[in-house]
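The values are calculated or read from the model by the stated rules, or taken from the named source; none is laboratory data. Everything numeric here is computed off the predicted structure, so don't read it as measured data. Heads up, the Cβs are rebuilt from the backbone with ideal geometry, glycines too, and the neighbour counts pull from every protein chain shown.
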Amino acid sequence: MKRNQKDQDHSHRKLARRTLLLGGLQLGFTGALAMRMRFLQVDQADQFRLLAEENRINIRLLAPSRGEIYDRNGNIIAQNSPSYRIVLVPEDAGDVEEVIANLNRLLPLDEEDLERARNEMRRSRPFLPITLADQISWDDISKVAVNAPALPGITPEVGLSRVYPQGPDFAHVVGYVGPVSDYDLSKMEDPDPVLLTPRFQFGKVGFESKQEDSLRGKAGIKRVEVNAAGRVMRELDRREGEPGADMQLTLDADLQSYVQARLGSESAAAVIMDVENGDLRAICSSPSFDPNLFVRGISVADYRALTEDPYRPLANKTVQGTYPPGSTFKMVTALAGLEAGVITPAETTWCPGHLEVSGRRFHCWKRAGHGHVNLLDSLKSSCDVYYYDLAIKVGMDRISEMANRLGLGVRHDLPMSAVAAGLAPNREWKSRTYGQDWLVGDTVNASIGQGYMLASPMQLAVMTARIASGREISPRLVKSINGIEQPSGLGEPLGLNQNHLNHVRKSMYAVSNDRRGTGYRSRIIAEDMRMAGKSGTSQVRNITAAERASGVIRNQDLPWERRDHALYVCYAPYDNPKYAVSVVVEHGGGGSTAAAPIARDVLLQALYGGTPPLEAYPRGDRSKIQAQQERLQREMHQRKESGGSDRA
């Protein structure tokens, strides 16, 4: 049937629309394809070129140079020393064990180092270099270089390794670095990529750890071209990293060395602090250890020897150790009483040798008692009963508040490991900690630095500096960073009555300079260097009534670990305080016999800036002091000559 003209026109229009639609779709697809091709070939050309080049270019991190540490006079404490080492890149080696065997025939390797390297390979990415041998000679480096074709993946390198030339003298302050462990990485949310480099040295303890971010610096990058076998053909470019910050401490290396030698083989600690600005001039914990042993991983035998030593050489007793302060705390109780107005300096208390409190007898160290004593006599003779009675009058909360004011029971902000806060307890503390009421007997014990009371040698030095200066002195360890001076530790005035401070200072002067003072035998006789001090003896065992009746066992007749701790705090010159000192001798017995002579000697060494003249000592002590000075000078010289290589 023949279609009319109208139907034919309709069909043509319908066909034309379909043709246009189809053509438009084809044109759109072709245009999109062209735009995509342009995007890939022009806009993304650099990206795809980089992807292609990664088949022959490796990017490697350049470890930054670690910041060095100096004493206040510019003497090096921690430095970086060139170190030759042999490294292996596992993915470039092929048969790793065969390559190691070939290297071992050429250069005998330590089995412990090899086992450590294998452990690193198992947990590291195959393209990261693994150290097989460290601190090797130039001759060994030459052997490896000559035989390079037979040792795929093996590369001799020159790096930097941490060295502590002062050896044990600064071990507890500066600490040490060591290889980064899985445990170290587990403590970080987003570790710096350079830390993933095997055997990278990282601050483990002490100042090295606390200032790790500043000392480490920032890694650089280098691009190297490798062939199909993975061997480095050439270095394409390099961007050096940012070295770590150089740190200058407030410590004096010569004084530090002297104090460490003076402490000798005792289990002890000593702190010397500048009263004028809070600078720490010496911080020594004895016995010490050689931090160089830890840099590349200490042996099991060496580490066991340190951990099993009853004198705990790894512990930093200056800030980590806390001890009952004993009678060195009596200045705190005295100031609390004076400020509260419950006593006057001239007011006396009767000491018959004990005080009955709530049906319990609290004894004075002097069994027969001291008779009538005022403030000066109580400190000079260290009468316990005077402070028992005073503490009951003033109350524990006021005593605790005064202790905090003088720096006890407060964690001082120092870049050192395990800085303890100590304890200056009060009623609220005992209720919160033990769920018990505070007893009058607790106050009596605390008044002479026993019971719950705990303080570190660092805190005792701060307390002494604050009494001497009347200011809120804070300890400062960092003198400058990259040459920029750090804030001083000089604080605001304590706000204590000046007359009250003067009475306590006068009483401390009597301790050291009055013939009946407990510290008289360790006095300084140079008129312009006279010191004020206070001895302390803190019990570590209970003395039973039966023992008191039969006679208290002497410290020297007890096992070492049951003897009393010996303490002494002092400052000088009395008229113009320059340095404050605290000394603690663990299980040393009496503070006036074990700790006071050490405190006097190190204080004089600081005041004179070196060996003091014999005229500064009592005449009867001079021959003994001269022999001691000569012996200590020899020991210090030997340690300096050894460069810290000898173990303490």
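In this entry, Tyr258 is excluded by the filter for residues that are in contact with a helix residue (DSSP H, G or I) (Cβ under 9 Å, 6 or more places away or on another chain) and surrounded by fewer than 16 Cβ atoms within 10 Å (Cβ to Cβ). Could you tell me whether Arg398 is at positive phi, out of contact with any strand residue (DSSP E or B) (no Cβ under 7 Å at 6 or more places or on another chain), surrounded by 15 or more Cβ atoms within 10 Å (Cβ to Cβ) and in contact (Cβ under 8 Å) with a residue 40 or more places away in the chain? Judged against the criteria, Arg398 is not a match.
I want to confirm something. Restricting to the stretch 466-501 and keeping residues that are touching a Gly at 6+ places or on another chain (Cβ under 7 Å) and of a type in the set (A, V, I, L, M), which single residue is farthest from Gln211 (Cα to Cα)? This residue is Leu501. In this structure, does Ser507 turn out to be at pLDDT below 95 and surrounded by 21 or more Cβ atoms within 10 Å (Cβ to Cβ)? So Ser507 fails the test.
Considering only residues that are over 26 Å from Arg122 (Cα atoms), among the small types (Gly, Ala, Ser) and assigned to a loop (DSSP other than H, G, I, E, B), which ones fall in the stretch 194-227? Passing the criteria: only Gly217.
Do you know which residues across the stretch 72-103 are of a type in the set (Lys, Arg) and within 21 Å of Gly206 (Cβ to Cβ)?
Selection gives Arg72 alone.
Tally up the residues in the stretch 567-619 that are part of a helix (DSSP H, G or I) and among the basic types (Lys, Arg), please. Final tally of qualifying residues: 2. The listed residues are Leu439, Leu496, Leu454, and the only one of them that is touching a helix residue (DSSP H, G or I) at 6+ places or on another chain (Cβ under 7 Å) and either buried (at least 16 other Cβ atoms within 10 Å of the Cβ) or farther than 26 Å from Ala253 by Cβ (or both) turns out to be Leu496.
Have a look at Thr328, Thr344, Thr318 and point out the one that is of a type in the set (S, T, N, Q) and closer than 21 Å to Ile543 by Cα. Criteria check complete, one pass: Thr328. Evaluated against (1) assigned to a helix (DSSP H, G or I); (2) surrounded by 18 or more Cβ atoms within 10 Å (Cβ to Cβ); (3) hydroxyl-bearing (Ser, Thr, Tyr), Ser623 falls short on exactly one condition, (2).
Condition check for Val87 on (1) in contact (Cβ under 8 Å) with a residue 40 or more places away in the chain; (2) assigned to a loop (DSSP other than H, G, I, E, B); (3) at negative phi: one failure, at (2).
The residue that is nearest to Val462 (Cα to Cα), among those in the stretch 374-395 that are surrounded by fewer than 24 Cβ atoms within 10 Å (Cβ to Cβ) and charged (D, E, K, R), is Asp377.
Restricting the search to the stretch 487-504, which residues are in a helix (DSSP H, G or I), over 11 Å from Arg466 (Cα atoms) and either in contact (Cβ under 8 Å) with a residue 12 or more places away in the chain or touching an Asp or Glu at 6+ places or on another chain (Cβ under 6 Å) (or both)?
Gln498, His500, His503, Val504
Filtering the stretch 90-114 to residues that are exposed (fewer than 15 other Cβ atoms within 10 Å of the Cβ) and touching a residue at least 60 places away in the same chain (Cβ under 8 Å) leaves Glu91, Glu112.
Restricted to the stretch 337-351, and to residues that are of a type in the set (Gly, Ala, Ser) and touching a residue at least 12 places away in the same chain (Cβ under 8 Å), which residue is nearest to Val444 (Cα to Cα)? Among residues in the stretch 337-351 that are of a type in the set (Gly, Ala, Ser) and touching a residue at least 12 places away in the same chain (Cβ under 8 Å), the one nearest to Val444 (Cα to Cα) is Gly337. Among the residues of the stretch 143-193, write down those that are without any contact (Cβ under 8 Å) to a residue 60 or more places away in the chain, in a helix (DSSP H, G or I) and not basic (Lys, Arg). Selection gives Val144, Ala145, Val146, Ala148, Pro149, Ala150, Asp182, Tyr183, Asp184, Leu185, Ser186.
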